[in-house]
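The next block holds one structure in the form of structure tokens; read it before the comments.
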Amino acid sequence: MPVMKVYFDNAATTAVSPEVLDAMLPFLKENYGNPSSIHSFGRIAKTAIENARKTVAGLLNASTGEIFFTSCGTESNNMVLRQSIHDLQIKHVITSRIEHHCVWHTLLELKAKGLVQLHYVNLEPNGHIDYNHLQELLHSIQGPKMVSLMFVNNEIGNLLDMERVSALCGENNAYFHSDTVQGIGTYPIDVQELSIDFLSGSAHKFHGPKGIGFLYIKNGIKLSPLLTGGAQERNMRSGTENVAGIVGLTTAFKNSIENLDANRKHILGLKNKMVKDLRTAFPGIIFNGDIEGNSHYKIINASFPLTSRSELLLFNLDIEGICVSGGSACSSGTNIGSHVLEALDVDQSLPAIRFSFSKYNTREEVDVVIKALKKLF
Ligand SMILES: Cc1ncc(COP(=O)(O)O)c(C=O)c1O
């Protein structure tokens with residue numbers, strides 16, 4: 001009998017929903033024009049992009065001139081960090097040690113080149129930033145500065161208090177960039193209320209296709225493009241547009257926001273059940289991050305007790321048809337640890353697993369995973 005597959009790795013990527021695929025297909029089949037072409041095929045594609053931009057802007061309470069389509073969240077974050085060093089003369093970036101690699105490694109490279117100084121905000125043991133320390137850093141740093149802090153941590157799920165950080169940035173004349181890749185589509189974001197300068201999104205995290213993202217840049221801020229060549233995206237992002245991807249991103253974003261409350265309720269129900277069942281099955285389990293506090297309803301990160309069978313845990317779960325991500329060296333079968341768990345002083349000799357849910361998961365799947373885990377300990 002084929003093994004039943006359980007996909008609890010939705011922070012890595014999600015399934016493209018059927019409605020999204022339906023919306024995309026016409027732009028891969030009959031409406032395949034290049035948006036830069038002036039003939040009817042081109043005009044249809046161009047109109048689809050501009051309608052998509054309007055929709056994305058509306059969902060964020062932004063204006064259309066503030067939205068730029070990119071290839072992914074990584075590109076959006078790179079563009080902000082790399083270009084603002086020159087264009088906004090940013091010399092200091094306040095960030096944390098638990099940012100996604102696309103922010104962290106980019107900042108480390110800029111620092112290594114002597115282009116920017118990095119200031120790490122202290123972390124609480126539960127993975128939240130120390131807001132008082134952020135305030136002290138903002139007070140003490142003179143000159144153009146940027147705060148780059150992620151909204152939802154992709155490994156442990158912790159949420160940033162976006163209102164508080166945006167207020168602190170406003171009071172201290174700092175630009176605020178947030179990698180919102182894990183939060184877009186699962187929490188409402190209103191850029192007018194937040195007063196944020198830059199945020200990034202990626203369709204494949206909310207049931208859209210891979211290879212398409214967007215960047216919000218607040219009106220009045222001028223950045224030069226990261227990719228040059230053509231004049232696409234109002235000269236801000238050269239390269240023939242991924243029209244089907246843009247339509248898919250927009251459809252997925254709209255669906256996510258329209259069904260946000262129902263999806264949140266369903267997914268939170270799964271998370272709560274999983275936490276409860278894990279506690280019952282594994283009394284020694286340790287949850288990493290602020291699991292029952294200010295944390296995303298789709299993510300659980302837990303360290304399991306060490307046993308002979310818990311070695312190569314992910315590999316053994318995969319054999320059982322269960323797809324999850326590992327954080328620590330032990331669980332992933334590699335010797336590369338997690339920089340997030342390291343920053344939180346989590347014992348990485350224990351196998352850690354990230355379970356992440358979507359609207360398509362069920363309570364029965366939670367039972368299947370708990371049963372499989374019990375077999376391995
Ligand atoms: C927090 C965060 N930022 C950025 C990215 C990168 O997004 P993309 O895969 O679209 O480049 C990811 C993807 O895992 C992420 O989780």
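The values are calculated or read from the model by the stated rules, or taken from the named source; none is laboratory data. These numbers come from a predicted model, not from an experiment. All Cβ positions, even for glycine, are placed from backbone atoms using ideal geometry, and neighbour counts span all protein chains on display.
List of remarks:
- Looking only at the stretch 153-196, and only at residues there that are at pLDDT 95 or above and of a type in the set (Gly, Ala, Ser), the one that is nearest to residue 258 (Cα to Cα): 185
- Check on residue 90, aliphatic (A, V, I, L, M) and more than 24 Å from residue 224 (Cα to Cα): no
- Where helices (runs of 4 or more DSSP H) fall wholly inside the stretch 62-174, the ranges with 1 or more residues that are buried (at least 16 other Cβ atoms within 10 Å of the Cβ) and within 16 Å of the ligand (Cβ to nearest atom) are 73-87, 101-112, 162-171.
- Cβ pairs under 7 Å, 6+ apart, first in the stretch 9-30 and over 19 Å from residue 52 (Cβ atoms) and of a type in the set (Asp, Glu), second within 16 Å of the ligand (Cβ to nearest atom) and assigned to a loop (DSSP other than H, G, I, E, B): 9/324
- Any hit, the stretch 208-221, residues being of a type in the set (Gly, Ala, Ser) and touching a Pro at 6+ places or on another chain (Cβ under 6 Å): no
Residues checked against (1) within 16 Å of the ligand (Cβ to nearest atom); (2) at negative phi; (3) of a type in the set (S, T, N, Q); (4) part of a helix (DSSP H, G or I):
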site: 200; (1), (2), (3), (4): yes, yes, yes, no
site: 209; (1), (2), (3), (4): yes, yes, no, no
site: 215; (1), (2), (3), (4): yes, yes, no, no
site: 219; (1), (2), (3), (4): no, yes, yes, no
site: 225; (1), (2), (3), (4): no, yes, no, no
site: 245; (1), (2), (3), (4): yes, yes, no, yes
site: 248; (1), (2), (3), (4): yes, yes, no, yes
site: 257; (1), (2), (3), (4): no, yes, no, yes
site: 263; (1), (2), (3), (4): no, yes, yes, yes
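- Criterion applied to 225, 209 was being closer than 13 Å to residue 79 by Cβ and surrounded by fewer than 24 Cβ atoms within 10 Å (Cβ to Cβ), and the one residue passing it is 225.
- Within the stretch 91-109, being more than 20 Å from residue 180 (Cα to Cα) and out of contact with any strand residue (DSSP E or B) (no Cβ under 8 Å at 6 or more places or on another chain) holds for one residue alone: 109.
- Among the residues of the stretch 212-222, those identified as out of contact with any Ser or Thr (no Cβ under 8 Å at 6 or more places or on another chain) and either crowded, with 21+ Cβ neighbours inside 10 Å or among the hydrophobic types (A, V, I, L, M, F, W, C) (or both) are 217, 221.
- When residues of the stretch 3-25 are limited to those that are within 16 Å of the ligand (Cβ to nearest atom) and among the polar types (S, T, N, Q), the one surrounded by the fewest Cβ atoms within 10 Å (Cβ to Cβ): 13
- One residue alone among 302, 252 is small (Gly, Ala, Ser) and closer than 30 Å to residue 24 by Cα, and that residue is 252.
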